[in-house]
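Bear in mind these aren't lab numbers, they're just calculated from the coordinates by the rules spelled out. From a predicted model like this one, the values you see are computed outputs, not experimental measurements. Cβ atoms come from the backbone with ideal geometry, glycine included; neighbour counts cover every protein chain shown.
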């Protein structure tokens, strides 16, 4: 249902965050390596056929020049979520961010923060949940739990005071 792709296996530690979130919600996903620069034919074949295999959303992570999300979005009718990755040859990740974010009109790529593959997983789940009420309920529960976690923290901070709260961390 969701395809998680990346340009290199060195991206896997970041992209795993998306897979972990999808796994928690029991959303089927696949993970593979598709390099826009080193395997362009594989990228073309993947992007033009993903929807035929039942994929609903593509999460594409890439570092450096980060062409993978945009190239896949140019070839696929599916929504593509780009994850900019700070790679070993990166300019503090800015090259990846801008490569994914600055797409021309007609080729949108939803872009999350640098190394924020978990947010990509959450967004993919929300997209899939549009037509799945049981999954939408899981998303609502996740959002409620986030709110409850923050409430616990601000109550502790207010009760303990700033200095004591910091010492307790």
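Farther than 21 Å from residue 127 by Cβ and crowded, with 18+ Cβ neighbours inside 10 Å: is that true of residue 96 in this structure?
Criteria met by residue 96.
Restrict the check to region 89-105 and report whether at least one residue is touching a residue at least 40 places away in the same chain (Cβ under 8 Å) and either more than 15 Å from residue 11 (Cα to Cα) or part of a loop (DSSP other than H, G, I, E, B) (or both).
No.
Does residue 37 meet the test of being in a loop (DSSP other than H, G, I, E, B) and in contact (Cβ under 8 Å) with a residue 12 or more places away in the chain?
yes
So, in region 70-88, how many residues would count as being in contact (Cβ under 8 Å) with a residue 60 or more places away in the chain and outside any strand (DSSP E or B)?
3
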